[in-house]
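K.L.:
Before we start, here is the structure in question, set down as structure tokens.
Since every read-out is calculated from the coordinates, none of them should be taken as a lab result. Remember, predicted model here, so these are calculated numbers, not experimental data.
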Ligand SMILES: [Zn+2]
């Protein structure tokens, strides 16, 4: 029996929807070889977060953590604003 898991179904921390989640390596594999913390996030949000991370410039590990935090905060902020439009 194969135990290779391709996707995990769960709640995406960025968009808050229940989706098939993919692994996001917070420290890019191309620079750090795949070690370090992993964030489970849906493919849609993963594409967005990847767009925000420089492809060819290596940042410090702290900056990558910041990027992820900024991304998650920004998405929540946009959702909150959208949700409160009715009262404006
Ligand atoms: Zn998502």
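K.L.:
Taking 0.36 nm per intervening residue step and subtracting the Cα-Cα distance, what contour gain separates residue 61 from residue 11 on full extension?
P.N.:
In short, 15.5 nm is gained.
K.L.:
What is the extension gain from residue 29 to residue 44, computed as 0.36 nm multiplied by their sequence separation minus the C-alpha to C-alpha distance, in nm to one decimal?
P.N.:
3.5 nm
K.L.:
Across the range 9-87, how large is the tail of the calculated P(r) beyond 19 Å, expressed as a percent of all Cα pairs?
P.N.:
Taking all Cα-Cα pairs of the range 9-87, the fraction more than 19 Å apart is 39 percent.
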